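**Q** A single structure is presented below for examination.
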Amino acid sequence: MRTSHEKPAPDLSTVWLRAFLEVARAGSFTVAARALGWTQSAVSRQVGSLESALGAGPLFDRLPRGVRLTAAGQALVPYAEAVAESLRGAVSELGALRELTGGRLRFGAFATADAALVPHALAAFRARHPAVRVEREEGLTGGLLDRLAAGHLDLAVVSTTGRAPLESYDLHHLLDEPLYVAVPAAHPLAGADGVGLAQLADADWISGSARPEGTLLDAALREGFRPRVAHVVAEWTAKQGYVAAGLGVALVPGLAAEGVRPDVVLLPVREEEAPVRAVYAATVRGRTPAPAVRAFLTVLREEAARLPRTMA
């Protein structure tokens, strides 16, 4: 805390310091002016302004030929060099962020986006920008949005499944994801072209939650029945195992449809009964995205456009 008799620190211009350091190196106002591309009088004015701001007397002794640092000038040199070095470091780091030759990208994604979309996008991003440090995490849409709002993530790949509020974010649409019902290969409906959820109102269901609210099974509630969740299984590969064993049926999003077991059949859900869910890349509204975020958005859109029609 500054007391009343203390003078405030001078507000030094980096232009003054640049002129001072160049004269100190060259030992001449004339040579420094040529190096800087300025006039000699301009260099002299900058040094004079610095001397006035510091109030420590002259920084150079004027000699018949050139100049020599005074004690005050000698004391100032290391501090001026430290400022110049800091500025060079800042310019270099800002350039790396702009040119994507450095910096970092922190993003999160929900589990099924990690099945195909995110790995392809991440591989493309790393191939183009290998110097950017990438930090990735997996979670549910609501948790990812909380992490995004708190500043722990730069971007989150989220979906309209669940009841997380999306109004406070900038949503960059990536794809609309169809839904399927996974049934055992021997199921009576296995040969159908599609299925209505009401046809499976009496079935046992495999779900990641005992309650359908906020999950894919919200669609069944909209159809007027409450699905009977017989087994709570979080991971998609494990759900397929339960379905194949005849322990129930499961809703599967399009992004998880790749690599389905041969003893499991995916039946498209009629769109009017289970509308496709939207997948977005979310950023915080009002927060300027870093160049790495913009670049990752580009590859996410490109990879989403390349996904097979069964997935998007």
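So that you can scan it fast, the table gives a plain yes or no per residue for (1) farther than 18 Å from residue 296 by Cα; (2) surrounded by 16 or more Cβ atoms within 10 Å (Cβ to Cβ); (3) of a type in the set (Val, Ile, Thr):
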position	(1), (2), (3)
81	yes, no, no
116	no, yes, no
138	no, no, no
153	no, yes, no
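**Q** Please give the strands (runs of 3 or more DSSP E) falling wholly within segment 195-312 in which 2 or more residues are farther than 30 Å from residue 151 by Cβ.
**A** Because the criterion is at least 2 residues that are farther than 30 Å from residue 151 by Cβ, the strands (runs of 3 or more DSSP E) in segment 195-312 that meet it are 204-207, 228-232, 250-253, 264-268.
**Q** Looking at segment 127-134, is at least one residue of a type in the set (Val, Ile, Thr), over 25 Å from residue 264 (Cβ atoms) and buried (at least 19 other Cβ atoms within 10 Å of the Cβ)?
**A** yes
**Q** Out of segment 11-68, which residues are within 15 Å of residue 84 (Cα to Cα), small (Gly, Ala, Ser) and loosely packed, with under 15 Cβ neighbours inside 10 Å?
**A** Within segment 11-68, just 13 meets the criteria.
**Q** Working carefully through the options 244, 281, find the one that is crowded, with 17+ Cβ neighbours inside 10 Å, modelled with pLDDT of 95 or more and closer than 23 Å to residue 117 by Cβ.
**A** The conditions single out 281.
**Q** Within segment 180-195, does at least one residue satisfy the condition of being under 32 Å from the mean Cα position of the chain (by Cα) and either surrounded by fewer than 19 Cβ atoms within 10 Å (Cβ to Cβ) or under 22 Å from residue 115 (Cα atoms) (or both)?
**A** Checked segment 180-195: at least one residue is under 32 Å from the mean Cα position of the chain (by Cα) and either surrounded by fewer than 19 Cβ atoms within 10 Å (Cβ to Cβ) or under 22 Å from residue 115 (Cα atoms) (or both).
Each row is one residue, and each column tells you yes or no for (1) without any contact (Cβ under 8 Å) to a residue 12 or more places away in the chain; (2) over 20 Å from residue 13 (Cβ atoms); (3) within 21 Å of the chain's Cα centre (by Cα).
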residue: 33; (1), (2), (3): yes, no, no
residue: 69; (1), (2), (3): no, no, no
residue: 84; (1), (2), (3): no, no, no
residue: 103; (1), (2), (3): no, yes, yes
residue: 114; (1), (2), (3): no, yes, yes
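**Q** Is it fair to say residue 187 is in a loop (DSSP other than H, G, I, E, B), in contact (Cβ under 8 Å) with a residue 12 or more places away in the chain, out of contact with any Phe, Trp or Tyr (no Cβ under 7 Å at 6 or more places or on another chain) and not assigned by TED's automatic domain parsing to the domain that holds residue 237?
**A** no
**Q** Which of the residues belonging to segment 59-92 are in contact with a Gly (Cβ under 8 Å, 6 or more places away or on another chain) and assigned to a loop (DSSP other than H, G, I, E, B)?
**A** Hits for segment 59-92 are 59, 66, 70.
**Q** Between a residue in segment 203-223 that is touching a residue at least 12 places away in the same chain (Cβ under 8 Å) and surrounded by 19 or more Cβ atoms within 10 Å (Cβ to Cβ) and any residue that is β-branched (Val, Ile, Thr) and part of a helix (DSSP H, G or I), which pairs come within a Cβ distance under 8 Å, given they are 6 or more apart or on different chains?
**A** Taking only residues 6 or more apart or on different chains, the pairs are 206/243.
The values are calculated or read from the model by the stated rules, or taken from the named source; none is laboratory data. Note that the structure is predicted; figures quoted are calculated from it, not measured. Methodologically, a virtual Cβ is constructed for each residue, glycine included, from the backbone with ideal geometry; neighbour enumeration extends over all protein chains shown.
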